[in-house]
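Q: What follows is a structure written as structure tokens; I'll ask about it next.
The values are calculated or read from the model by the stated rules, or taken from the named source; none is laboratory data. Only a predicted model underlies this, so the values are computations on that prediction, with no experimental measurement involved. Note: ideal-geometry Cβ built from the backbone for every residue, glycine included; neighbour counts use all protein chains shown. Quick note on the areas: whole protein, heavy atoms, side chains included, nothing else; ligands and nucleic acids left out. Shrake-Rupley method; radii C 1.70, N 1.55, O 1.52, S 1.80 Å.
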Amino acid sequence: MKYIVCEKPQEFLLKETNIPEPKEGEVLLKIKRIGICGTDIHAFGGTQPYFEYPRILGHELAAEYVKGNTAGFKPGDKVTFIPYFNCGKCVACRNGLTNCCVNIKVFGVHIDGGMAEYVSIPEQYLLHGQGLDYDELALVEPLAIAAHGVRRAAVKPTDTVLVMGAGPIGIGLIQFAKIAGAKVIVMDINDYRLNFCKTELNADETINPLNDDVAQKLAELTNGDMANVVIDATGNQKVMNSAFNYISHGGRFVLVGLQKGELSFSHPDFHKRESTLMSSRNATIEDFEYVMKCLKEGKIDPKKYITHRTSFDEMITDFGNLIDPKNNVIKALIEIE
């Protein structure tokens, strides 16, 4: 089988190896779709925390079940899986927080992932496709990250939510915040994405920091209240540090994006608001199940934002174009037939 490895920053190589033989408790899957995500982009660029090279990337995956002994599954079934392999023993796992397991191994980050024609995974992470197609299944994982972030923020109908960053995760955050009934304001420097959020996702307002003073514009849009919930999906240190100025009194700031540096903010300003700061990492089985339910019920149409596709053999050549903002990429998928 063929696989693609990120040998070092800025270098992908196409290689061949044997098809893996699943061990006891594992299943063999044939990969059909691979979503290109921010983690892949940061890994390729050399800016991804918790990362070592060489690494086979890819954790937004849709696959065909090939073989195994998992009850309820048969060869040919469309599947996806939870790519966060947890230890089941640490303090987080014992408390049901498998998404932030002390010893977590994220498929395609800490261990080799799914940019391959076949993979073998532990059967406990397997999820049945529930009638969804391969395109939809490839987007379940990034949507689950967004669903988890909105759940962490405890978004409710009376909230005004500022989503910073209108990439694929940000788009999911917008959609789940809207499903929760909140007013949603989107901030990004890409006017194409901002317009997409208004026309396709029903975002209530947009802010472009290149054109607007964010704090001033946000105050105007909220009658001076600012945002009850601020969620970062940029992974940009400067944006994160600035965002402490956008939180309302009693507001919550949720970090979904990840960067390597330090956060810096005024303790008195943060304290007087009785603000809440929290991170949101990965997702749980409850988030995956909620996402698949929303997809089946038509509350989310992820195909709206699959804007670019490439084949497995052409991915290396196309990768630069697929991550270039000038090409108005919302979400890119790699197809394997």
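Q: Is there any pair with a first residue in segment 170-187 that is open to solvent by 30 Å² or more (accessible area, probe 1.4 Å) and a second that is modelled with pLDDT of 95 or more and in a strand (DSSP E or B) whose Cβ atoms are under 6 Å apart and which are 6 or more apart or on different chains, and what are they?
A: Matching pairs, first to second residue: Lys178/Val184; Lys183/Thr160.
Q: Considering (1) open to solvent by less than 20 Å² (accessible area, probe 1.4 Å); (2) more than 16 Å from the chain's Cα centre (by Cα); (3) not acidic (Asp, Glu), say which one Leu13 fails and leave the rest.
A: Only one criterion in (1) open to solvent by less than 20 Å² (accessible area, probe 1.4 Å); (2) more than 16 Å from the chain's Cα centre (by Cα); (3) not acidic (Asp, Glu) is unmet by Leu13, namely (1).
Q: Right, Asp269: of a type in the set (Asp, Glu) and either free of Cβ contacts under 8 Å to residues at least 24 places away in the same chain or closer than 30 Å to Gly131 by Cβ (or both) or not?
A: no
Q: Hey, can you tell me all the residues within segment 251-271 that are of a type in the set (Lys, Arg) and out of contact with any strand residue (DSSP E or B) (no Cβ under 8 Å at 6 or more places or on another chain)?
A: Matches in segment 251-271: Lys260 only.
Q: Out of segment 151-166, which residues are open to solvent by 10 Å² or more (accessible area, probe 1.4 Å) and in contact (Cβ under 8 Å) with a residue 40 or more places away in the chain?
A: Arg151, Arg152, Ala154, Val155, Thr158, Thr160
Q: Has segment 227-237 got at least one residue that is open to solvent by 10 Å² or more (accessible area, probe 1.4 Å), within 24 Å of Ser280 (Cα to Cα) and in contact with a Lys or Arg (Cβ under 9 Å, 6 or more places away or on another chain)?
A: yes
Q: Considering each of Val79, Val66, Val102, Val106 in turn, give the residue that is among the β-branched types (Val, Ile, Thr) and exposed (fewer than 14 other Cβ atoms within 10 Å of the Cβ). Spell out how you get there, then give the answer.
A: Values: Val79 fails: exposed (fewer than 14 other Cβ atoms within 10 Å of the Cβ); Val66 fails: exposed (fewer than 14 other Cβ atoms within 10 Å of the Cβ); Val106 fails: exposed (fewer than 14 other Cβ atoms within 10 Å of the Cβ).
When all the criteria are applied, what remains is Val102.
Q: Another one. Mind checking which helices (runs of 4 or more DSSP H) fall wholly inside segment 155-253 and carry at least 3 residues that are within 22 Å of the chain's Cα centre (by Cα)?
A: Qualifying helices (runs of 4 or more DSSP H): 168-179, 191-200, 237-242.
Q: From (1) surrounded by 20 or more Cβ atoms within 10 Å (Cβ to Cβ); (2) part of a strand (DSSP E or B), pick out the condition that doesn't hold for Arg309.
A: Every listed condition holds for Arg309 apart from (1).
Q: Evaluate the following for Gly88: is it in the same structural domain as Lys32 (by the TED database) and either in contact (Cβ under 8 Å) with a residue 24 or more places away in the chain or touching a Gly at 6+ places or on another chain (Cβ under 9 Å) (or both)?
A: For Gly88, the condition - in the same structural domain as Lys32 (by the TED database) and either in contact (Cβ under 8 Å) with a residue 24 or more places away in the chain or touching a Gly at 6+ places or on another chain (Cβ under 9 Å) (or both) - is not met.
Q: Here is a follow-up. Condition test on Val229, is it more than 21 Å from Ile323 (Cα to Cα) and in contact with a Gly (Cβ under 7 Å, 6 or more places away or on another chain)?
A: Yes; evaluated as a whole, the condition is true for this residue.
Q: Just checking, does segment 34-57 include any residue being crowded, with 23+ Cβ neighbours inside 10 Å and in a strand (DSSP E or B)?
A: Checking segment 34-57: at least one residue is crowded, with 23+ Cβ neighbours inside 10 Å and in a strand (DSSP E or B).
Q: If you don't mind, there's one more thing I want to ask. Could you please let me know if Gly320 is free of Cβ contacts under 8 Å to residues at least 12 places away in the same chain, surrounded by fewer than 20 Cβ atoms within 10 Å (Cβ to Cβ) and assigned to a helix (DSSP H, G or I)? Steps first, please.
A: Values: free of Cβ contacts under 8 Å to residues at least 12 places away in the same chain: yes; surrounded by fewer than 20 Cβ atoms within 10 Å (Cβ to Cβ): yes; assigned to a helix (DSSP H, G or I): yes.
Yes: the conditions hold for Gly320.
Q: Please enumerate the residues belonging to segment 93-142 that are assigned by the TED database to the domain that holds Pro20 and either part of a helix (DSSP H, G or I) or within 15 Å of the chain's Cα centre (by Cα) (or both).
A: Those that are assigned by the TED database to the domain that holds Pro20 and either part of a helix (DSSP H, G or I) or within 15 Å of the chain's Cα centre (by Cα) (or both): Cys93, Arg94, Thr98, Asn99, Cys100, Val106, Phe107, Gly108, Val109, Glu123, Gln124, Tyr125.
Q: If we scan segment 15-31, do we find a residue that is touching a Gly at 6+ places or on another chain (Cβ under 7 Å), in a loop (DSSP other than H, G, I, E, B), over 26 Å from Ile145 (Cβ atoms) and not polar (S, T, N, Q)?
A: yes
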